[in-house]
Amino acid sequence: MTVQVDRQESVRLEGVSKLYGDLLALDKVSLSVAPGEFVCLLGASGCGKSTLLSLVAGLDQPSGGAISTAGRRVAMMFQEPALFPWLTVRANVEMAMRALPRRERRAKAEEFLEMVHLGGFGPKRPHQLSGGMRQRVALARSLAQDADVLLMDEPFGALDAMTRDLLHDELERIWRERKLSVLFVTHNVREAVRLGDRVVLLSSRPGKVVEEFPVELARPRRTDSAEVATLAARITDQLKREVARHGDVAHKTAAAQEVRS
Amino acid sequence: MTVQVDRQESVRLEGVSKLYGDLLALDKVSLSVAPGEFVCLLGASGCGKSTLLSLVAGLDQPSGGAISTAGRRVAMMFQEPALFPWLTVRANVEMAMRALPRRERRAKAEEFLEMVHLGGFGPKRPHQLSGGMRQRVALARSLAQDADVLLMDEPFGALDAMTRDLLHDELERIWRERKLSVLFVTHNVREAVRLGDRVVLLSSRPGKVVEEFPVELARPRRTDSAEVATLAARITDQLKREVARHGDVAHKTAAAQEVRS
Amino acid sequence: MSTDTHAAQIAGLDALEIAEKRRGALAGRLWARVWPITLAVGIVLAIWQGVVWAGFWEPWVFAGPSEVFPVLFERLGTGEFWQAVGVTMRRAVTGFAAAMLIGLIVGALVSRVKVLRAAFGSLITGLQTMPSIAWFPLAILLFKLSESAITFVVILGAAPSIANGLITGVDYTPPLLLRAGHVLGFRRVQLYWHVILPASLPSFLAGLKQGWAFAWRSLMAGEIVVIIANQPSLGEQLHYARELADSAGLLATMIVVLMIGIVIDLLFEAGDNALRRRWGLRADLR
Amino acid sequence: MSTDTHAAQIAGLDALEIAEKRRGALAGRLWARVWPITLAVGIVLAIWQGVVWAGFWEPWVFAGPSEVFPVLFERLGTGEFWQAVGVTMRRAVTGFAAAMLIGLIVGALVSRVKVLRAAFGSLITGLQTMPSIAWFPLAILLFKLSESAITFVVILGAAPSIANGLITGVDYTPPLLLRAGHVLGFRRVQLYWHVILPASLPSFLAGLKQGWAFAWRSLMAGEIVVIIANQPSLGEQLHYARELADSAGLLATMIVVLMIGIVIDLLFEAGDNALRRRWGLRADLR
Amino acid sequence: GSSSPSAPAAAAKEVRLGYFPNITHSTALYGIEKGIYAKSLGVPLKTSTFNAGPAAIEAVFSGAIDATYIGPNPAINAWEKSKGKAINIVAGAASGGVYLVVKPEINSVEDLKGKKIATPQLGNTQDVALRYWLQEKGLKTDTKGGGDVSIVPQENSQTLQTFATGDIDGAWVPEPFASRLVIESKGKILQDERELWPNKQFVITHLIVRQEWAKANPDLLKKLIEAHVQSTEGINADPDAAAQVVNASVEKLTGKPLKPEVLASAFKNITFTNDPIAASLTGSADHAVKVGLLKPVDLNGIYDLKILNEVLAAKGQQSIKDK
Ligand SMILES: Nc1ncnc2c1ncn2[C@@H]1O[C@H](COP(=O)(O)OP(=O)(O)OP(=O)(O)O)[C@@H](O)[C@H]1O
Ligand SMILES: Nc1ncnc2c1ncn2[C@@H]1O[C@H](COP(=O)(O)OP(=O)(O)OP(=O)(O)O)[C@@H](O)[C@H]1O
Ligand SMILES: [Mg+2]
Ligand SMILES: [Mg+2]
C-alpha cells in the first residue's frame, strides 16, 4: 500500500460533500484510488455510493470539496444497464470504441460480448434481453472503453453466482492487463473481498468513510475460499454495526425533512 | 408436500412454452405453487425466470401449455423498480390500495414505507431515491397489494446484506400472516433456502425445470446458519453443473440464430 | 456522535447558504430570463431598422420601426384594440378548450381501440392538413353567420393536433409502466387514467402547444369569414391591414400576434418545466 | 440430450407454424388494415348522402356524393389534375424538406444553447401562431411572384413545428441515457448526434407530422397568392372552387386533399411503427 | 428582371401585367387570349393572375409586376399609402355591373329595415355605395353591423351560399355574383348601381401602372395602352363572341366556366370602356367620408391619362377627362 501512496493518485476526493436540496448525501468524504488499485465500496442502501461515483465521473458537481482524476479517462458502468434502446446490442458495445476503424470495432465488440457470455446476441436489441443479460452488455460496454479509471456500480447485482464467478475472473484479468484503477460498488461483501485491494466502508446519511480494510490475500482468490469468508465476516460485522448505528439517525433526519417540506 | 398437492394449487403451469421469435425461452415448464407455499426459482441469467413470472401474471401469453391462477389476485414485483415517475413515493405505494378510503390508504402507505426503512421518504419522487431505495418502494407497493399470489423478481438484488436480512423477516411475517403463495426469483441461493418451502432450479435456453429441492428446515431460519449454508452449497453445486452443461448449448443456439437472422 | 452534530452544522450552514442563494436566485433567474429576450428583440429591431435604412424598399412597402411603433402605441391606447384582443382571446380560448376536450376523447378512443385506429387514425392527419378555408362553407351551413361557425373552424383546426399528440404519447408509453399498471389491477379506462395518460403528458402537452398554433391560425382566418356586429377582432385587423396595403398596420398587428404567441408559449413552458422538474428531467448535462 | 433434440424439434415445428402464420398474416394484416378504413369511408358516405337526401340544403349549396364523385372521376381523367397534384406535391415536398433542415438546425441550437433558448425559444411558438397571410407581403417583397415566395411561406409554417418537436424530444431525453453518453465520452455535437437525437426521434417524428400539416396548409394558402402560369395547383383549385361557390368542385378537391393527407399519414405511421418495433414498444397490453 | 423600385431602371425587356380571372377583367382576358397585347408590345408579355387586390398591390409595390388591372379600392389604398408615389391609373376598363339583389319578398327600401345585407368588404366601393344609398333613403347603418339595416361584409362566394340558405336578405355585389344570385337563388334586383351615378357610369375595373416603370418605359406604356384600347374595341365590336372568349379564359384559369345564362346576363350588365370615370372614383371617396368610413383622401394626380388620350386622339376618338 505504501508504494502506491507515493505515486500520484488516479482518483482523489478531498472533503467532498454533496447536498440534494437539504439532504446531505455525502459529508466530507476523502478517498483516493492509486493507479492500478482495485477499491471496493460498501455501504447500506442509500448511503451515497452511486452519488460518489457520479461525482468522480463528472456527471454531477460536488457541493463542497475537491475531486480530481488528473485528466485520466474515466469509464463507468451504471447501476441500471443504461443501454441505448435504438441500437443493437453490438452497436451499444461499439459505442465505446468510436475511435477504432469499423471492422476492428465490430470484431472487438463481438469479443467483449463473448467474454460476457453473450456471443451471438449482438444483432438483438436491449429490450429482447433479460435483466442480467442487459447488465452484462453494459459491462461489456464499459470494459470496451479504453479508460484508465473504471467506475462500477453493482455490476454483478443481477447475475447468478456461476456467471458472476466467471466474470470476476474476466474483470480481474482485464484490470491486471490494462493496469486499471477500479472503484467498485457492491453489496456483496465476499465479492468485495474477492476483488478488492482495499474495501472502503461508507456510513449512511450522511455518507462518510467509516473504515477501510486492506485486503492482503494472495490472488487469484476464490469467492468461496475460507480466507475470503473470514475477512468478509469481519467486514460484515462492522457493516451491520454501522447500519444499526445509523438506522435511527436516518429515520430522524427523514422525519425532520418531511415536517419541513 | 403431499398435503399441499391434495388442495387446489394457487398457481399451476402445465407444459408451458414461450417462444420469442425463434428463441425458445421456456420449454414445457410444469410447476405449481400450493396455497400458502413459498417457492423460490433459481437459474442462470437469461434462463427464462422473468418470462415465467410474466406469464403467470398474465402480462404475456404462452406459446403453448396452460397457466392457471384460478382467479386469484396476483401481485408482482418486477426486476426493475417500475415506479411511476410522476407520483411521489407515497402515492406510488397508494396506487396498490385504490379500494381503501383516502385516509386509511395514506396511513397504510406510510406503514409499508416504514417497513422497508423509508419512513419519511413519502413526499419524495422516485428520481430522488437511490437504486436500492427505489427497489424497496416497489417492494412496499407489491406488499401493499391485497393479493393471494405474490410474484417477486429479484426483489432484494440491489440491497445490502443487513437491509436484506431485515426485509427477509418482514416478508416472511407478511407471507405467514396473509397466507400468501409466493413465487420468488433470486440469484442468491442462500436467500432461496432462507425463504423457500421449495427451491426450483431452471435450466438455460430453453428454460426447463431441472430439479426441485424441498427445504425442510425449521423456521425461523437464518441466512448465515450452517444448515442453510449446507443446503445452499448442495443446490449451488447442482446449479453450477446445470449452467456448465448448458453453456455450450446456449452458445451454439445463439450462433445459429445469428446465421439465420 | 461528534460527526453527527458536525453534519447537522454543515447542513445548517448549507441551508443558510441555500436560502441566500434562493433569494439572489429569484432576481438572478428573472434577469437570466429577461436579458436574452431583450437582446433578441434588440437584434431583431436592429436588423429591421437596418433593412429599412438600407432603403431596399419604400417605406409604404415595408414600414420601419419608426412608423410601426407609433401605430402600435396609438392602438394600445384605444379601447377598441383591447376589445379586439379580448374578443379574439375569448374565441381562441373557448375554441381551444372545446378542441382539447374533443381531441382528448378522440385521441383516447383512437389510441386504444384498434378498430377505430385502423379506421380513423389516418383521417386525423388528413383533417389536420385540410386548410381552414375549405371548412368555411360547411361551418356557415351548420352554424349560419354566428360565432359558432368560427369556433367550429377553430376546433377542426386544433383537435386533430391535440388528438395526435395524445396518440403519440400513448404509443410511446414505456411498456414497463403499462405492465406495472396491469399488475396493480388497472384495466382499460383505469389503466388509461392512472398510467397511460400521465405517462403521455409530455407528448400531450407538446400536442396542445401545436394545437394552440393551429387554433390560432384557424381563428385568424375564421374571424374574417364571419364578422359579427360590435366584435372587433385581431383577425379582422390583420385582414384589413393587408386589404388596405397598410404595411405599418400589418406589422403592428403582427407584433401583437407574436406577443400573444410568446406569452402563451411562456405559459406552456411553465407547465412543461413543472412537469420536467417532477419527473426529474434536469438540464445539467447539456 | 434427448431434451435438446426435443427442443430442436419443437423449435422446428414452431418455425414451420410461424412461417405458415406469416404467409396468412400478410393477407390477414392487409385485410385487417383495409376493412376498417372501408367501413369508415362507408359510414362517412352514408351520413353525407343521408344529409343530402334529408334535403336541408339546395344541391348547389351542399352537393351530394352523386354530384361530387362524377366531378372527381372526371378530374382524375384529366392530365391537368395530375399536373396540379404533381405541382402541389413538389412544392410541399421541397418546402417541407427545407423546413425540416431549418427546423432541425434551429431546434438543435435552441434546445442546446441556453442563451438562444431563453432568447428565441418562445419566439418559435410565436412564429407558429402567425397566420400565413401575414407573411405574404414579405414573401412577395423578398421573392417577387416566384415559387420561392410560396416555399418561403411553407417553410415559415412548418419549420417552427419541426423545431418544437425536436426541442420537446431533447427536453424529455432520459437523463440516464445522457449520463451514459457523457461517460462514453460524448460531448456537445457528438452527444447530440449519438444520444439526444436518436432519443428524441419519436417526438421529432411527431413534430414532423405536425409540420407537414402546417406546411400543407400554408401551401394551400400560398398557392393562391402567387399563381404561376401553366402551373395548376390544388390550392388554386380549392380557392377557385370556393370563389365560384362550386360546392361539388370544393368537395371533390377536399376529398383529394384528404386522400393525400391520409397517404402521408400512412407513411409516417410506417416510420413510427418501425421505430416502435425497434425500441420494443409493443401494443399488447392495451 | 428584378428591378427594385429604388434602383435606376434600364429599359425593360418584357412587360409584366397582372389581372384577375374575373368577368370584370374581360379586357385583359380577351386581349391576352387574342394575343393583342403580345402583338402590340413587341417585347415578351409576362402575365400574372391574382385572386384578390392585396396580392396584386403587393406585387406592384415589390416591383414584381409593372401594371395590373384592378378595382377602385386597392388602387385608392395604394395611392394613399404611398402618398401618391407608387401608382397611376392610366385607363379605365369596365363600368357598371353592380346590383342590390334581394329576396323576392322585399319590394322597397322600407322593407329592408331590420334585414341583413351583404357587401364584398367593409369600406370597398360596393360597401360605400350601399351605405350611402341607405343614408340617402334615411336608413341608418354603422360600421359595426348595427343600425336599421345590418350590413355584413363577407366574401362574394360566401354571399352566394348565405343568400341561398337565407342567412342574409340581400347583397350589394358585382357581376357575375349578382347574376348568379338572380338566376340560381331567385333573387330580385332592387337597385342597379348605375342608376345612382351621372351618365349611369361608374368604375369597376381600371388599369394601373407602377409610376417608376411608366417613367422609365414611356413607349412600352403607350403600347400597353394601345393594346388595351384595341382589346376594348374588340369586345365592344362583338360582345357575344367576346363573352365566349372570356369564358374560355376563365375556365382555363379557374377550372370552371360560368354557366351560359350567367355569362350572358353578367356580360350584358357590364360596359367595357376606356374611360376610368374619374367622377365616380372621387364621388365614391366623398361618399365614404360622408358615411364615416374614410378620412378624406387627396386623389389629385391619381390619373395619368395623357398617353391614353394620345392613343385615343390617334384613333380620332374623344379625349377623356381625369376629373
Ligand atoms: N421481449 C423479448 N423479445 C425477445 N426475446 C426475449 C424477450 N424477453 C426475453 N427474451 C429472451 O428470453 C430469454 C429469457 O429471458 P428472461 O428475462 O426470462 O430471463 P431471466 O431468467 O429473467 O434472466 P435474468 O436473471 O438475467 O433476469 C432470454 O434469452 C431473452 O433474450
Ligand atoms: N437526484 C437526487 N435528488 C435528491 N436526492 C437524491 C438524488 N439522488 C440521490 N439522492 C439521495 O441521496 C442519497 C444517496 O443516494 P445514492 O443513489 O448515492 O445511494 P446508494 O448508496 O447508491 O444506494 P443504493 O445502494 O441503494 O444504490 C439517497 O438518500 C437519495 O435519496
Ligand atoms: Mg446506488
Ligand atoms: Mg429476469
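The values are calculated or read from the model by the stated rules, or taken from the named source; none is laboratory data. Owing to the predicted nature of the structure, the values given are computational and were not obtained by experimental measurement. All Cβ positions, even for glycine, are placed from backbone atoms using ideal geometry, and neighbour counts span all protein chains on display. Heavy atoms of the whole protein, side chains included, go into the accessibility calculation; ligands, DNA and RNA do not. Shrake-Rupley method; radii C 1.70, N 1.55, O 1.52, S 1.80 Å.
Counting residues in region B:91-113 that are out of contact with any helix residue (DSSP H, G or I) (no Cβ under 7 Å at 6 or more places or on another chain) and within 14 Å of ligand 2 (Cβ to nearest atom) gives zero.
Remark: pairs (first residue in region B:221-235, surrounded by fewer than 17 Cβ atoms within 10 Å (Cβ to Cβ); second residue among the acidic types (Asp, Glu) and assigned to a helix (DSSP H, G or I); Cβ separation under 9 Å; 6+ apart in sequence or on different chains) = B:Arg222/B:Asp165; B:Asp224/B:Asp165.
Condition check for A:Ala91 on (1) small (Gly, Ala, Ser); (2) open to solvent by 20 Å² or more (accessible area, probe 1.4 Å); (3) in contact with a Ser or Thr (Cβ under 8 Å, 6 or more places away or on another chain): one failure, at (3).
Every listed requirement among (1) of a type in the set (Ser, Thr, Tyr); (2) within 16 Å of ligand 2 (Cβ to nearest atom); (3) within 30 Å of A:Met162 (Cβ to Cβ) is met by B:Thr88 save one, (3).
Please specify each residue of region A:147-172 satisfying the condition of being more than 18 Å from A:Ala34 (Cα to Cα) and among the charged types (D, E, K, R). Selection gives A:Asp153, A:Glu154, A:Asp160, A:Arg164, A:Asp165, A:Asp169, A:Glu170. Taking region A:174-204 as the range and being more than 14 Å from every other protein chain (Cβ to nearest Cβ) and hydroxyl-bearing (Ser, Thr, Tyr) as the test, only A:Ser181 passes. Within region B:145-158, residues that are under 14 Å from C:Ala180 (Cβ atoms) have Cβ atoms under 7 Å from residues that are assigned to a loop (DSSP other than H, G, I, E, B) and within 16 Å of ligand 1 (Cβ to nearest atom) in these pairs: B:Asp153/B:Phe78; B:Asp153/B:Gln79, counting only partners at least 6 apart in sequence or on another chain. One residue stands out among those in region B:47-63 that are in contact (Cβ under 8 Å) with a residue 24 or more places away in the chain and among the hydrophobic types (A, V, I, L, M, F, W, C): the one that is nearest to C:Arg187 (Cα to Cα), which is B:Ala57. In the set (1) modelled with pLDDT under 85; (2) open to solvent by less than 30 Å² (accessible area, probe 1.4 Å), D:Thr129 fails one condition alone, (1).
Among the candidates D:Leu238, D:Leu244, the residue that is surrounded by 24 or more Cβ atoms within 10 Å (Cβ to Cβ), within 7 Å of another protein chain (Cβ to nearest Cβ), under 22 Å from D:Gly77 (Cβ atoms) and among the aliphatic types (A, V, I, L, M) is uniquely D:Leu238.
Which is assigned by TED's automatic domain parsing to the domain that holds B:Tyr20, of a type in the set (Val, Ile, Thr) and outside any helix (DSSP H, G or I), of B:Val199, B:Val228, B:Val193? I'd like the intermediate steps shown before the answer.
On the way: B:Val228 fails: outside any helix (DSSP H, G or I); B:Val193 fails: outside any helix (DSSP H, G or I).
Just one listed residue meets the conditions, B:Val199.
Looking only at residues in region A:30-51 that are farther than 21 Å from B:Met133 by Cα and not in a loop (DSSP other than H, G, I, E, B), the one that is farthest from ligand 4 (Cβ to nearest atom) is A:Ser30.
Residues that are open to solvent by 40 Å² or more (accessible area, probe 1.4 Å), over 21 Å from B:Gly196 (Cβ atoms) and away from ligand 3 (no atom under 16 Å from the Cβ): find the helices (runs of 4 or more DSSP H) completely inside region B:96-183 holding 1 or more of those.
Per the criteria, B:102-115.
Of the residues making up region E:192-222, those that are open to solvent by 30 Å² or more (accessible area, probe 1.4 Å) and under 30 Å from E:Gly166 (Cβ atoms) are E:Arg194, E:Glu195, E:Leu196.
Within region A:141-166, the set of residues being touching a Phe, Trp or Tyr at 6+ places or on another chain (Cβ under 7 Å) and within 15 Å of ligand 1 (Cβ to nearest atom) comprises just one member, A:Arg164. Based on this model, can you work out whether A:Ser50 counts as at pLDDT 90 or above, within 14 Å of chain D (Cβ to nearest Cβ), open to solvent by 30 Å² or more (accessible area, probe 1.4 Å) and closer than 17 Å to A:Pro155 by Cα? Yes; evaluated as a whole, the condition is true for this residue. Annotation: A:Asp60 fulfils all but one of (1) within 16 Å of ligand 1 (Cβ to nearest atom); (2) under 18 Å from the mean Cα position of the chain (by Cα); the unmet one is (1). Answer with yes or no whether E:Arg131 is crowded, with 21+ Cβ neighbours inside 10 Å, modelled with pLDDT of 85 or more and not in a loop (DSSP other than H, G, I, E, B). Against the criterion (crowded, with 21+ Cβ neighbours inside 10 Å, modelled with pLDDT of 85 or more and not in a loop (DSSP other than H, G, I, E, B)), E:Arg131 qualifies. The conditions of being in contact with an Asp or Glu (Cβ under 8 Å, 6 or more places away or on another chain) and within 11 Å of another protein chain (Cβ to nearest Cβ) are met by D:Ser122.
State whether the residues of region A:164-173 include one that is within 13 Å of another protein chain (Cβ to nearest Cβ), within 16 Å of ligand 2 (Cβ to nearest atom) and either more than 27 Å from A:Arg73 (Cβ to Cβ) or in contact with a helix residue (DSSP H, G or I) (Cβ under 9 Å, 6 or more places away or on another chain) (or both). So far as region A:164-173 goes, no, none of its residues is within 13 Å of another protein chain (Cβ to nearest Cβ), within 16 Å of ligand 2 (Cβ to nearest atom) and either more than 27 Å from A:Arg73 (Cβ to Cβ) or in contact with a helix residue (DSSP H, G or I) (Cβ under 9 Å, 6 or more places away or on another chain) (or both).
Condition check ((1) within 13 Å of chain D (Cβ to nearest Cβ); (2) of a type outside the set (Gly, Ala, Ser)) across all residues:
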residue: E:Leu41; (1), (2): no, yes
residue: E:Thr49; (1), (2): yes, yes
residue: E:Pro54; (1), (2): yes, yes
residue: E:Ile65; (1), (2): yes, yes
residue: E:Tyr69; (1), (2): no, yes
residue: E:Ala78; (1), (2): yes, no
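Residues that are in a loop (DSSP other than H, G, I, E, B), buried (at least 19 other Cβ atoms within 10 Å of the Cβ) and away from every other protein chain (no Cβ under 11 Å) occur in region B:67-83; there is at least one.
Count of region E:275-314 residues, restricted to those that are farther than 19 Å from E:Ala78 by Cβ, surrounded by fewer than 13 Cβ atoms within 10 Å (Cβ to Cβ) and in contact (Cβ under 8 Å) with a residue 40 or more places away in the chain, is 1. Within region B:19-45, which residues are within 13 Å of chain A (Cβ to nearest Cβ) and open to solvent by 20 Å² or more (accessible area, probe 1.4 Å)? Selection gives B:Leu19, B:Tyr20, B:Gly21, B:Asp22, B:Leu23.
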